[in-house]
Amino acid sequence: MKRIVALVIAMFVFTAHAQTYPTKPIRLVVPFAPGGSSEIVARAAAAEMSKVLGQQVYVENKPGGAGNLAMAEVAKAEPDGYTLILGHIGTLAVNPYMFDKLPYDADREFTAISLLAIVPSLFVVNASLPAKDLKEFVKLAQASPGKLTYGSAGNGSAGHLAFEYLKLEAKIDLLHIPYKGTGPQLTDLLGGRTDAAAAGAPPLLPHIKSGKLRAIAVGTPQRIAALPDVPTVAEQGYPGFETSQWYGLMVPAKTPDAIVKRLADAAAQSAKSSAVVERFAQDNAVAVGSTPAEFVSYIKKEQARWKEVVEKARIRAE
């Protein structure tokens, strides 16, 4: 009898808490260093969610371990709706297959809130390379297996995975040269020391517009507004091909359903606001704002895609 009473009281407390939530500021953890797409997405969404929820949503950067350190910390946080984390293609769809052991379970220790944004990946080459599009690049690679090089921001980075995915689909052999970050990678690509790269649009667009780099394909299913004449990978002979960086909100598992719904509604409303849509558009990011169920479905689709790429390309964390 005492146990039943205790359960009823606990349910009442959780229900009352959910009805008044939020009553204090909410922490949004970003598992990467300041700067780049992750911070743009997090801060834009947090600013709008603060207005919708009536409490400040503040961003806290916690980089390290390819995002694993922050994910592990938030997985163990109190499931009360006051600690969120910015989920990412790496932490949710790649790391579970690339690392031999993770300090968190991407499927069991988190509850999905909303997919916030998709950032297109671009495939580019140094302007001196005689390839005007992806088909010509593939022909060059087929003519000289293992001779063409592509750089990435590091082993297991989004650019590394994108090109390994392309290699598998196009059946070509390229030499991967990993760097410690996008900056060094871009320096060598611009200097002609590497031939190609895949990365998010923001750092590449200025060099494409200056003519130093040539965009040969867009990784997303649709072309992007900044480069309307550059076809997608799928359009150039590889139907179903899709590679992009994406970001969404997660909370620790066992967060009450009422709080999850409150956060999901606020996130979706914020992502679809004109302020966020316009801010994301500056970096050619697509604002989404999904339901929790839609985000779960998206994560599972991405996990299936990247599990196959990681396993076939034998990509392991360093």
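The antiparallel fraction among DSSP beta bridges confined to the chain stands at about 60%.
Using a cutoff of 8 angstrom between alpha carbon atoms and counting only pairs six or more residues apart, the relative contact order for the stretch 120-205 works out to 43 percent.
What you get for the chain, charging only the Cβ of Lys and Arg (+1) and of Asp and Glu (-1), is a dipole of about 160 debye around the Cα centre. Here Lys135 is the anchor, and the lysines within straight C-alpha reach of less than 22 Å, apart from those fewer than 8 places off in the same chain, are Lys147, Lys167, Lys171, Lys209, Lys212. When the alpha-carbon atoms of the stretch 32-188 are used, the pair Rg, Dmax equals 18.9, 60 angstrom. Of the residues Ser152, Ile315, Leu134, the one whose Cα sits farthest towards the positive end of the charge dipole of the chain is Ile315 (charges of +1 on Lys and Arg Cβ, -1 on Asp and Glu Cβ, taken about the Cα centre).
Computed over the stretch 34-119, the range of Cα coordinates on each principal axis works out to 41, 29, 20 Å, biggest value leading. Taking Lys and Arg as +1 and Asp and Glu as -1, the other residues whose beta-carbon sits under 12 Å from that of Trp306 total 0. Here's the list of aspartates and glutamates a cross-link from Lys139 could span, going by alpha-carbon distance under 15 Å and ignoring same-chain residues fewer than 8 apart: Glu169, Asp173, Asp195. How large, in Å, is the stretch 120-236 by the Kirkwood hydrodynamic radius built from its alpha-carbon pairs? Kirkwood radius, the stretch 120-236: 13.8 Å.
Once C-alpha pairs closer than 8 Å and six or more residues apart are averaged by separation and normalised to the residue number of the stretch 155-239, the relative contact order reads 21 percent.
Each residue of the stretch 80-96 was assigned a 3J(HN,Hα) from its phi angle through the Karplus curve 6.51 cos²θ - 1.76 cosθ + 1.60 (θ = phi - 60°); the sequence is 10, x, 9, 9, 10, 9, 7, x, 8, 3, x, 6, 9, 10, 10, 4, x Hz, with glycine and proline shown as x. How high is the relative contact order of the chain, given as a whole-number percent (alpha carbon pairs under 8 Å, six or more residues apart)? About 26 percent, as a whole number. Of interest is the spacing of the C-alpha centroids, which for the stretch 21-75 and the stretch 257-293 amounts to 14 Å. In this rough spin-label picture, where each label sits 7 Å from Cα along the Cβ direction, the Tyr97-Arg316 distance is 1.7 nm.
Working from label points 7 Å from Cα in the Cα-to-Cβ sense, the Gln55 to Lys24 distance is 0.8 nm. Remark: spin-label model distance Lys76-Lys307 equals 2.7 nm, labels positioned 7 Å along the Cα→Cβ axis.
One Cα centroid belongs to the stretch 235-252, the other to the stretch 302-318; the line between them spans 14 Å. Dividing the convex hull volume of the alpha-carbon atoms in the chain by its residue count gives 125 Å³ per residue. For Lys24, the lysines whose Cα comes closer than 22 Å to its Cα, not counting residues fewer than 8 places off in the same chain, are Lys51, Lys62, Lys76, Lys254, Lys261. Once you reduce the stretch 162-208 and the stretch 100-135 to the center of their Cα atoms, the two points are 13 Å from each other. Each Lys or Arg adds one and each Asp or Glu takes one away; over the other residues whose Cβ falls under 14 Å from the Cβ of Asn284, this sums to +1.
Read-outs: derived from the displayed coordinates by stated rules, not from any lab. Values in this document were obtained by computation on a predicted structure and should not be read as measured data. Every residue, glycine among them, receives a Cβ derived from its backbone with ideal geometry; neighbour counts consider all protein chains shown.
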